[in-house]
1. Go through the residues of the range 145-166 one by one and say whether even a single one is over 18 Å from the mean Cα position of the chain (by Cα) and not aromatic (Phe, Trp, Tyr).
2. Only one of (1) free of Cβ contacts under 8 Å to residues at least 24 places away in the same chain; (2) closer than 12 Å to Met191 by Cα; (3) not small (Gly, Ala, Ser) is not met by Asn263, so which one is it?
3. Looking only at residues that are at pLDDT below 90 and basic (Lys, Arg) in the range 195-246, which one is farthest from Lys267 (Cα to Cα)?
4. Test each condition in (1) within 26 Å of the chain's Cα centre (by Cα); (2) closer than 20 Å to Ala325 by Cβ; (3) surrounded by fewer than 18 Cβ atoms within 10 Å (Cβ to Cβ) for Pro73 and report the one that comes out false.
5. Does at least one position in the range 176-186 carry a residue that is under 22 Å from Lys80 (Cα atoms) and buried (at least 19 other Cβ atoms within 10 Å of the Cβ)?
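The values are calculated or read from the model by the stated rules, or taken from the named source; none is laboratory data. Remember, predicted model here, so these are calculated numbers, not experimental data. Positions of Cβ are generated from backbone atoms using ideal geometry, with glycine treated the same way; all protein chains shown enter the neighbour counts.
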Amino acid sequence: MVITKTPYRISFFGGGTDYPQWYLKHGGAVLSTTIDKYCYISCRTLPPFFSNRYLIVWSHIEAVSTISEILHPAVREGLKYMGINGESGLTIHHQGDLPARAGMGSSSSFSVGLIKAISAHQGKMVGRHELAMKAIELEQNILKENVGSQDQVAAAYGGLNHISFFPSGEICVEPVTISGERIAALENNLMLFYTGTSRLASEVAGKVIANLEKKQDVIKQMQGMVDKGLAILNGPGSLDDFGCLLHENWLLKQSVNDSVSNNTINKIYTRALEHGALGGKLLGAGSSGFMVFYVPPEKQEDVREALAGYLYVPFKFDNEGSSIAYYTPRY
């Protein structure tokens, strides 16, 4: 039996430049971190006493005889991609700390965790880079989802990272090497809220992708904010500038496509700023889900009260990336 533990992520700057439709022409970069909220996937051999060969437990319970009957697309295609041939039955069980389709990179965390779990079940170890690239291949080329490449990389590697995407297709991950005190200060100035809504990210992302070339100047400005954010983190000045930069980034992101935000999100954002937030953003492709704000500690209680109708989610940064939480060899 194998259980994988894969973190969700928060992306600060550079979102949009990680779509292959962009970076294979222009290059791209993001600044992101993983957090201590996780996707858990267990994988074990199904004993031969049952009539069905596959038991898949997610928001549904699927008991089927063949891989092609599996409804969950990532599981169905993931099993095929990883060479599962039906010689023995298999049980896959998913649980997550956060809801799906809410901007936290949950689909990519699932793909990364699934591939790691199946690899371990097959008696194989897979490195972080290979794990990320396999998840990208599954989501982009097999499932044909409108997804970027940052979420899979973040989930596989873990940590606060500068991720670069090159026209050659190469992806480079560089940890942000600042003091622990500086990282802790950034962590302590961030607040995460759940708006209580979800959406199919691929649909929103499709509209964003369609506008990438039309909005080249905006996307390049957003990419430039990665270096600005790194300069703030590495510099001696106040981290409050990071919050202000988040605000600039949010204004630019909204200009990429109308579906990125809506009246509800705009009201939440405005209310947070009125009560002390310096900046923030809606996470993921847009329109719904989780929002993160940069709020000085002395203003955080005011922001919590102002957004009392929404779930506040305390978190810490994660540095481990996708890992094996439990493993018993298959004999």
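1. Our first condition is that a residue be over 18 Å from the mean Cα position of the chain (by Cα); within the range 145-166, this holds for 166.
Applying the additional criterion that residues be not aromatic (Phe, Trp, Tyr) yields none.
Checked the range 145-166: no residue is over 18 Å from the mean Cα position of the chain (by Cα) and not aromatic (Phe, Trp, Tyr).
2. Evaluating Asn263 over (1) free of Cβ contacts under 8 Å to residues at least 24 places away in the same chain; (2) closer than 12 Å to Met191 by Cα; (3) not small (Gly, Ala, Ser) leaves (2) as the failure.
3. The qualifying residue farthest from Lys267 (Cα to Cα) is Lys214.
4. If we test Pro73 against (1) within 26 Å of the chain's Cα centre (by Cα); (2) closer than 20 Å to Ala325 by Cβ; (3) surrounded by fewer than 18 Cβ atoms within 10 Å (Cβ to Cβ), just (2) comes out false.
5. Step one: of the range 176-186, the residues under 22 Å from Lys80 (Cα atoms) are none.
Among the residues of the range 176-186, not one is under 22 Å from Lys80 (Cα atoms) and buried (at least 19 other Cβ atoms within 10 Å of the Cβ), which makes the answer no.
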